[in-house]
Every structure is written in C-alpha cells, then in structure tokens.
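One structure below.
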Amino acid sequence: MTASDVTVAPPTALTVEEFLADGFGLRPQLATFLQLSLAELERLLPRSTTDLAALHPGEFHADQATSFYENTVGSAHLLELAAWHLSSCNYIADTLRLQQRFARGQVLDFGGGIGSHALAAAALPAVERVWCIDLNPHNCAFVGWRADQLGLADKLRCCRDLGERALPARFDTIICLDVLEHLPDPASQLLNFADRLQPDGITLLNWYFFKGFKGEYPFHFDDPALVERFFRTLQTHFLEVFHPYLITTRAYLPLPPSL
C-alpha cells in the first residue's frame, strides 16, 4: 500500500457520518503512515492501550510529563488514540457535532492527537484556520499528512506548543479534549486559554482526573489539590454555555476580568 492508495478528492466538508463510517479514512491512512499492512494494524489496535501503558515508568512525576509525551511514547500513542477513536466513535461523533455548533474563525486544537477534531474543524466553512498543537512529533506528522491527503493542508497547521510565533495572539475557538488530565498543572493551562481566547470566543473542554478503578489510566493526574485548583480556576474565568449533547465535553465563554 502506498500513500496514493488512500488519497481522496478534496471534500467540501467532513461530516459526522463520514467519521462514523471509517474515522475519515483512519485505518488505511494509519497503516500507510506506519508502513503496516491493514492486517498488521488490526492486530495491533486491540492491544494498543496495554502496549502504551507498558511504557509508563511506574512512578510518574509531574516534571516528566512533557518529555514522556514528546520523546517516549512515539508511534504507540498513534495506535492507542486510533483504537480509542474507532471504538468510541459514537461518543466522539457528538463532540464533532458540538464542534460544528460552535467552531469558527481561528481555531486552536490543543493536544490534537490523531487529528479527528482538527480535520473536521478545518473542513467547516466558518473556520479560517486550525492550529493543531501536540508535543508528540509522530502525532503532528500524522495529522499534517492526513490534512494533505484530505485536501485540507491550506487550512491546518501543526505546531509543538503555544510559544510558536506563527500562532495568532488570540483564538476564536479553543478545543481541548482528553488532554487536561494529562497535564501536571491544568489550572495554569486554563489561565493560558483565558489569555489567548477572544472576548467573544468559546472553548470546548473535557477532563478525567482519575487513574481508573484498576489503575488502567496511569498517565492521568488525580491529586485532589490539583483538581480543586482546576475547578476554582474554571469557575472564576469561564461561564458554561448549555448544549444538548449528553457527553462529558462542555462549552464555555470567557468571563470578563471584572466578574
């Protein structure tokens, strides 16, 4: 299989139905990118969560997080994320519907992973450009490659972090899904989002500060003091906006500094 085998005509949109069908062509794209056969990929996907967890150093200190995601997990994270997006497609479909409802202008996808949300946002007419941030260079390379395959390269750019000078000073939409629980100081990240969000902008967030009933999420931070700081920061800097989807993702407006 070669890259030309998975190239598709540039779409006018990436619909939720297309995601539910095949994750926007995720399986053949990932197999080609990792130079695997589809049979090899299907063998690796069910064990990807276990394989990724095996990379965990045991005692995971906060100051190790950046290096771990940037240098250690490698392509194992691609496989684990792909398995999650394919097996939880109904849940993720609702997050895409939520994104369709709110995303516009300059969009930040913070911790974009394999790019499902970044690609779908880039295909929306109301979106000018998507900036996909991810520490893992394998993730960034894969998302950029997928954007090229799907005819979206002109509307999507991948970066390592928010410090890159090419990024806008402020964003109209900030998306941060399944990321905050991996950060050693998620409250500080909320403050960063508040600084980078337009006064009339909106942010879509979720979190899961829990290591699992059987320790199945060793990469998550769950310190009670950390979680309390997070919620106090959230409540003093953002106002929740109702949406009708029964998912953990929430939508927020920034609160004016005087409130």
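Rule-based calculations on the coordinates, nothing more; no lab input. What you see is a predicted model; the values in this text were computed from it and never measured. Methodologically, a virtual Cβ is constructed for each residue, glycine included, from the backbone with ideal geometry; neighbour enumeration extends over all protein chains shown.
Points to keep in mind about this one:
- By the Cα gyration tensor, the chain has an equivalent ellipsoid whose semi-axes, rounded to whole angstrom, run 28, 24, 16 from largest to smallest.
- Residues whose amide H lies under 5 Å from that of LEU255, counting only those 5 or more places away or on a different chain, are PHE238, LEU239; hydrogens are built 1.01 Å from N in the peptide plane.
- Choice from PRO46, PRO218, PRO244 showing the highest fluctuation, given a GNM over the chain with Cα pairs closer than 10 Å: PRO244
- Taking all Cα pairs closer than 8 Å and separated by 6 or more residues, the relative contact order of the chain comes to 17 percent.
- Inter-probe distance in nm under a simple model that places probes 7 Å from Cα toward Cβ, at LEU255 and ASN206: 2.5 nm
- Per-pair calculated FRET efficiency, R0 = 30 Å: THR50 and ALA166 via Cβ, rounded to 0.05: 0.20
- Extending 7 Å from Cα along the Cβ direction at LEU191 and again at PHE231 yields two label points whose distance is 2.0 nm.
- Remark: the GLU42-SER87 segment gains 15.0 nm on full extension, using 0.36 nm per residue and subtracting the alpha carbon distance.
- Shape of the range 99-175, Cα gyration tensor, a/c cut at 1.5: oblate
- Helical mean residue ellipticity (222 nm; -39500 (n - 2.57) per DSSP H run of 4+; nearest 500) of the chain: -11000 deg cm²/dmol
- In order along the range 205-211, phi translates into HN-Hα couplings of 9, 9, 6, 7, 7, 7, 8 Hz, rounded to whole numbers, per the Karplus curve 6.51 cos²θ - 1.76 cosθ + 1.60 with θ = phi - 60° and x for Gly and Pro.
- Under a 5 Å amide H cut-off, with hydrogens placed 1.01 Å from N, LEU197 pairs with PHE171 among residues at least 5 apart or on other chains.
- The chain: antiparallel DSSP beta bridges as a percent of all, rounded to 5: 30 percent
- Distant-in-sequence amide H partners of CYS159 (H built 1.01 Å from N, under 5 Å): CYS132, ILE133, ASP134
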